[in-house]
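The values are calculated or read from the model by the stated rules, or taken from the named source; none is laboratory data. Keep in mind that what you see is a predicted model, and the values were worked out from it rather than measured. Using ideal geometry, Cβ is built from the backbone for each residue, glycine included, and neighbour counts are taken over all protein chains shown.
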Amino acid sequence: MGNEEILNLWKKGISKTVIAKEYQRAYNQRIKAIRSELVNRHWGNFISYREALAVVEKVIYKEVIKNDKNNK
């Protein structure tokens, strides 16, 4: 889930908490897939809900600031 997908969901009216849960799930699934290979079994860490929320809030905040500067 990239920044554009996060912003699209947010613009559709989905709350940032729901987006954070979806982001956490998608990220952790990618880590599980990478860790399933024997060579990469110790690679990467799973993220918590709070870490996912921090990522989502940062993306949304940057978009709001960018739009605010454009409107002035």
Within the stretch 14-63, residues loosely packed, with under 15 Cβ neighbours inside 10 Å and among the β-branched types (Val, Ile, Thr) come out as 14, 17, 18, 34, 39
I'd like to verify a number: residues in the stretch 19-72 that are small (Gly, Ala, Ser) and in a loop (DSSP other than H, G, I, E, B), how many? 3
Which condition number does residue 15 fail, the rest of (1) more than 11 Å from the chain's Cα centre (by Cα); (2) at pLDDT below 95; (3) small (Gly, Ala, Ser) being met? (2)
Select from the stretch 18-48 the residues that are under 19 Å from residue 2 (Cβ atoms) and of a type in the set (Ser, Thr, Tyr) and list them in ascending order. 23, 27
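Here is a yes/no grid of residues against (1) among the β-branched types (Val, Ile, Thr); (2) modelled with pLDDT of 95 or more; (3) in contact with a Gly (Cβ under 9 Å, 6 or more places away or on another chain):
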{"residue": "37", "(1), (2), (3)": "no, no, no"}
{"residue": "42", "(1), (2), (3)": "no, no, no"}
{"residue": "50", "(1), (2), (3)": "no, yes, no"}
{"residue": "60", "(1), (2), (3)": "yes, yes, no"}
